[in-house]
Amino acid sequence: MNSTVDTKCVQAGYTPKQGEPRQVPIYQSTTFKYDTSEQMGKLFDLEASGYFYTRLQNPTNDLVAEKIAALEGGVAAMLTSSGQAANFYAVFNICECGDHFISSSSIYGGTYNLFGVSMKKMGIECTFVDNDISEEELQKLIRPNTKCIFGETITNPTVNVFDIEKFANVAHKNGIPLIMDNTFATPVNCRPFEWGCDIVTHSTTKYMDGQAVSVGGAIVDSGNFDWMAHAEKFPGLCTPDESYHGLTYATKFGKLAYITKATAQLMRDFGSIQSPQNAFYISLGLETLHVRMAKHCANAKAVAEFLDKNDKIAWVHYPDLENDKSHALQQKYLPKGSCGVIAFAVKGGRDAAIKFMDNLKFASIVTHVADAKTCILHPASHTHRQLSDEQLREAGVDPDLIRFSVGIEDVDDIINDIKQALECI
Ligand SMILES: *Cc1c(COP(=O)(O)O)cnc(C)c1O
C-alpha cells in the first residue's frame with residue numbers, strides 16, 4: 001500500500017475479507033489446531049508457516065506487528081512483552097558471549113542497566129559513547145568483535161536528538177548494523193530506516209499505546225542489512241542452527257532472516273511474547289497515533305516556549321526550540337516536531353523541583369511518560385533515586401531535571417497549571 005504514514009496508522013496491517021470483522025480480532029488462544037501430525041511437524045521444522053503456539057506467534061500480534069512494520073517502512077516486525085524485552089532481543093539476536101557493541105550513553109535508564117550490567121553478566125560487553133562523539137573517535141572504539149551500534153532517536157529523559165547518519169556511516173563502514181529505539185519520536189515523526197538505520201525497536205507502552213493501558217514492545221527490521229556479506233561476524237544468522245535441524249536463517253529466509261530467528265529461536269527459548277489482548281490495545285492506539293503526535297508536539301512547543309520565558313525556570317531542553325542544542329538535528333530528522341516530552345529545571349534545585357511538582361493540580365506524578373494525560377517525573381527523586389548527585393551527572397541526568405510529558409489536553413489549561421505551581425515556590 002503506497003500511502004502516507006497518517007493513512008497507514010489507520011489502515012495498514014489488517015484488511016478484512018468479505019464478512020470478516022472490521023476491527024482486528026483478538027485471537028485469545030494459546031494453541032492452534034491441525035488435522036494431521038505431519039502438518040504440525042512441518043511448522044516445528046520451519047518448513048511451513050503457520051500458527052501453533054502463541055509463545056512463538058499469534059495472529060493478533062502479527063497483524064499489529066505488520067502495521068508497525070508498515071509505519072516504519074520495514075519488511076517484518078515482532079511484538080514483545082515490553083520495551084525492555086525488545087531492546088534485549090534486538091541486540092542479543094546478533095551478539096553472543098564474548099561479543100562487544102557500542103551504545104549511546106544518552107538512553108533510557110532501564111536500557112542502560114540492561115546493557116551495562118545484565119548483559120555484561122552474559123559476557124557481552126557494551127561501550128557507552130556520548131552522542132556528540134566524532135566519527136573518528138567512534139571508529140577507534142570499533143573492535144573485531146563489535147556487532148552493532150545502538151542509540152535512541154530522542155533520548156529519555158534528556159530529550160537529545162541522535163545523529164542517525166553519523167552513527168549509520170561508522171556502523172556500515174565496519175559491516176555492522178545500527179539499531180535504534182524510536183519510542184519517543186514514533187514513526188509518525190521520524191523513520192530511522194530512511195536515514196540508514198537497520199533495525200528499530202519500540203516501547204509500545206508509550207505513544208503507540210497512548211493511554212497508559214498496556215506494557216509492550218516491538219522490533220522492526222528494515223531488511224536492508226546484508227548479513228551474508230559479513231557472515232563471519234554473524235554466525236547465529238549465517239551458519240546452521242542445530243536447534244532447527246541445521247537450517248541457516250540468512251540463506252533460507254533472506255530479508256526475513258533477522259525477525260525469523262528472533263521469533264523462532266529467542267521467543268521459543270526465552271518467552272516474553274506480548275499478550276494478544278495487549279496487542280489489541282496497541283492496535284487501537286496506533287489508529288490515532290498521527291493525530292495525537294501532532295497535538296502532543298504543538299502543545300509541548302507552546303509549553304516549552306512558556307517555560308523558556310519564565311524567570312523561575314533555570315533551563316529548558318526541548319529540541320523544537322530554536323535556541324536548543326538539538327535544534328539543528330530536530331530540523332533535519334524530525335521536521336514535523338520531536339515529541340511531547342520536555343526536560344527542564346526550576347531555580348532552587350531539588351527542593352524547589354519537589355515543591356513545584358507537589359503543587360501541580362492535574363499534571364500527575366507518575367513513572368509513565370508519553371501518554372495522553374500530562375504527567376511529570378523527577379528522576380532524582382524517583383527512577384534514579386538510588387544515585388548521588390554526582391552519579392546522576394555521570395548518567396547525564398541533572399539532579400534538578402524535571403521530565404514533563406505534555407498531554408493532549410487544552411494547552412492553556414496545562415500552562416495555567418504550571419503557572420500556579422510556579423507561584424507556590
Ligand atoms: C520506557 C522505555 C523503554 C522500556 O520500555 P518498557 O515498555 O517500559 O519495558 C525503552 N526505551 C525507551 C526510550 C523508553 O521510554
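In table form, for the structure just shown:
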quantity	calculated
Distance between modelled label sites at Arg385 and Lys140, nm, 7 Å Cα→Cβ extension	4.1 nm
Under-5 Å amide H pairs with His317, H placed in peptide plane, nonlocal only	Ala343, Phe344
Average Cα contact separation per residue, the chain, under 8 Å, 6 or more apart, as relative contact order %	16 percent
CD proxy at 222 nm, helix term only [per DSSP H run n ≥ 4: -39500 (n - 2.57); per residue of the chain; nearest 500]	-9500 deg cm²/dmol
Radius of gyration and Dmax over the Cα atoms of the range 137-178, both given in Å	11.2, 32
Which of His290, His327 has the fewest Cβ neighbours within 10 Å, and the rest in rising order	His327, His290
HN-Hα J in Hz across the range 212-229 - Karplus 6.51, -1.76, 1.60, θ = phi - 60°, x for Gly and Pro	6, 10, 9, 7, x, x, 8, 10, 10, 10, 6, x, 8, 7, 8, 4, 5, 5
Square roots of 5 times each gyration tensor eigenvalue, C-alpha, the range 32-81, largest first, Å	25, 11, 8
Estimated translational D of the range 319-425 in µm²/s (Stokes, Kirkwood radius over Cα pairs; 4 °C; 1.567 mPa s)	88 µm²/s
Relative intensity, log₁₀ I(q)/I(0), of the chain from a Debye sum that treats every alpha carbon as a point, q = 0.07, 0.11, 0.12 Å⁻¹	-0.34, -0.83, -0.98
Phi to ³J(HN,Hα) by Karplus 6.51 cos²θ - 1.76 cosθ + 1.60 over the range 50-63, Hz, x for Gly, Pro	x, 9, 9, 8, 5, 4, 8, 8, 9, x, 4, 4, 5, 5
Loop sites in the range 135-237: trypsin sites (Lys or Arg not before Pro), DSSP, at most 11 other Cβ within 10 Å	none
The range 16-96: trypsin sites (Lys or Arg not before Pro) falling in loop per DSSP and having at most 12 other Cβ within 10 Å	Lys17, Arg22, Lys33
Table column - 3J(HN,Hα) (Hz), the range 286-300, Karplus curve with 6.51, -1.76, 1.60, x for Gly and Pro	4, 4, 10, 4, 5, 6, 5, 4, 4, 5, 4, 5, 5, 5, 5
Loop-exposed GluC sites (Glu not before Pro) per DSSP, neighbour cap 15 Cβ within 10 angstrom, longest uninterrupted part of the chain	97-231
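Each reported figure results from applying straightforward, stated rules to the coordinates on display, with no laboratory input. None of these values were measured; they are calculated from a predicted model. Here Cβ is always computed from backbone atoms with ideal geometry, including for glycine, and neighbour counts include all displayed protein chains.
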